[in-house]
Amino acid sequence: MSTNHGHLNGWCLLLAVVGVAAGGCGGGDMGRDAESPQHWRFAIEETIGSVQYAYAQRFKELIEQRTEGRIRVTVYPYGALGTSDQLTEQLDLGAIQFVMASPGHLGKLIPEVQVFLLHFLFSDDEELNQRVLKDDAELREILEELYTHKRMKLLAIYSEGWQVWTTQRPVRSMDDFRGMKFRVMTSPLLIAAFEAYGASPTPLPYSEVYSGLQLNMIDGQENPIFAIQEMSFYEVTDWMIFPRHAPFITTAVTEQRFFDSLSTQKQQLVLETIDELDEYILNVQREFNDHRLDLILQARPEIRMIELSDDERQEFEQAARSVRELFIRRYGETAERLIRRIEQAIREQEDGPAAAPSS
Ligand code: 6CS
């Protein structure tokens, strides 16, 4: 990210072109009297109707209600302001105040956050995982520090549902992955993850996945069901594979300087609102993923589905271990602490706080 003024003016120009009165571009709302109207901008990495959209819209509703309209929130869906990487750049420039930043892309900027991309790390129980992501103080502390170094304030971490592979041929074993051009998000660890399975991973931004599948530049990709439906990936796929190897995890973020400029009351308002959204979004993602699987099946009943058995998952789980080791080798002590903390927090949730530390 850059704070270079040439860049800044470029973004201000871009924002002006797309119709955003950019508060952060030279004397906007920040730093005004706490009671004056304010306009906050929340950019997401997904389209209207997505899980992230539901999250940001609910945030908007609650903030506007609670401030009786003194704070206005505009939500920018994917495409309005650029790719995931461009959203975090614009946050850094102060042009937007809130973004969704998924580790699948943010990992280029904060490598340790790629812990959320590791396969077979989380439990099968979504509610348990959510408690770990939301409530584990040590995990949050480590991550908050990493985000702060990049001038971001981490607000929330949540799952949008299990990643599902969409492919042109059945996949039950690593053999089936051999030579498959598989699209991954742009964080480097995902390349290692699918190389370990024998595939040929191809990093691409979200907006290029549909055309990549349609033109056979890629043979497969992974995303939660709701995204497969709303991005129409199901139109250009023959198989859906359910390995339960990883949830799609994202983070809601604000810019640190913006947050620090708010009155204590407004900071509290943001934190309390975010806190409430956690349960809301767990229910939304479940509902979206369930319902949209039905929509996919109605639209293309010929799509074939495979749920990997525990035995079939084992082969992948075994291969994924080398990626964990690579993650630690590449990114060091903090990376290792994050893995250990997540494992320990899951054990504590499963067995109660007295769970013994791992050896
Ligand atoms: O695959 C991706 O790139 C995207 N998938 C989702 C579900 N959300 C945002 C992310 O960029």
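Only one residue in F122, F98 is in contact with a Ser or Thr (Cβ under 7 Å, 6 or more places away or on another chain), at pLDDT 95 or above and not acidic (D, E), so which one is that?
Going through F122, F98 in turn, just one is in contact with a Ser or Thr (Cβ under 7 Å, 6 or more places away or on another chain), at pLDDT 95 or above and not acidic (D, E): F98.
Filter the strands (runs of 3 or more DSSP E) completely within segment 198-295 down to those with at least 1 residues that are small (G, A, S) and within 22 Å of E312 (Cβ to Cβ).
Working: elements: 200-203, 220-223, 239-242, 247-255.
In segment 198-295, 200-203, 220-223 are the strands (runs of 3 or more DSSP E) which contain 1 or more residues that are small (G, A, S) and within 22 Å of E312 (Cβ to Cβ).
Across segment 74-95, the qualifying residues are those that are open to solvent by 30 Å² or more (accessible area, probe 1.4 Å), part of a helix (DSSP H, G or I) and not polar (S, T, N, Q), and the one among them that is farthest from the ligand (Cβ to nearest atom) is E89. Could you go through segment 213-232 and let me know if any residue there is of a type outside the set (G, A, S), in contact with a Leu (Cβ under 9 Å, 6 or more places away or on another chain) and more than 14 Å from the ligand (Cβ to nearest atom). Looking for residues that are of a type outside the set (G, A, S), in contact with a Leu (Cβ under 9 Å, 6 or more places away or on another chain) and more than 14 Å from the ligand (Cβ to nearest atom), one finds at least one in segment 213-232, hence yes. Quickly run through segment 103-117 and pick out the residues that are surrounded by fewer than 22 Cβ atoms within 10 Å (Cβ to Cβ) and of a type in the set (A, V, I, L, M). Answer for segment 103-117, where residues must be surrounded by fewer than 22 Cβ atoms within 10 Å (Cβ to Cβ) and of a type in the set (A, V, I, L, M): L109, I110. Of the residues making up segment 226-270, those that are small (G, A, S) and in contact with a Gly (Cβ under 8 Å, 6 or more places away or on another chain) number 1.
Is it the case that L271 is farther than 21 Å from R324 by Cβ and without any contact (Cβ under 8 Å) to a residue 40 or more places away in the chain? Judged against the criteria, L271 is not a match.
Close Cβ contacts (under 9 Å, 6 or more residues apart or on different chains) running from residues in segment 160-188 that are free of Cβ contacts under 8 Å to residues at least 40 places away in the same chain to residues that are among the basic types (K, R) and surrounded by fewer than 19 Cβ atoms within 10 Å (Cβ to Cβ) comprise D176/R169.
Among residues of segment 42-54 that are touching a residue at least 12 places away in the same chain (Cβ under 8 Å) and closer than 9 Å to E230 by Cβ, those with a beta-carbon under 8 Å from a residue that is part of a loop (DSSP other than H, G, I, E, B) and open to solvent by less than 10 Å² (accessible area, probe 1.4 Å) at least six positions away or on a different chain give the pairs S50/I44. In this structure, does R151 turn out to be at pLDDT 95 or above, basic (K, R), on the phi > 0 side of the Ramachandran plot and surrounded by fewer than 19 Cβ atoms within 10 Å (Cβ to Cβ)? Yes, satisfied.
In summary, E144 fulfils each of the numbered conditions (1) in contact (Cβ under 8 Å) with a residue 24 or more places away in the chain; (2) on the phi < 0 side of the Ramachandran plot with the single exception of condition (1).
The values are calculated or read from the model by the stated rules, or taken from the named source; none is laboratory data. What you see is a predicted model, and the numbers here were worked out from it, not measured in a lab. Counting neighbours? That spans all protein chains shown, and the Cβs are built from the backbone with ideal geometry, glycine included. Surface areas here come from the heavy atoms of the whole protein model, side chains and all, with no ligands, DNA or RNA. Shrake-Rupley method; radii C 1.70, N 1.55, O 1.52, S 1.80 Å.
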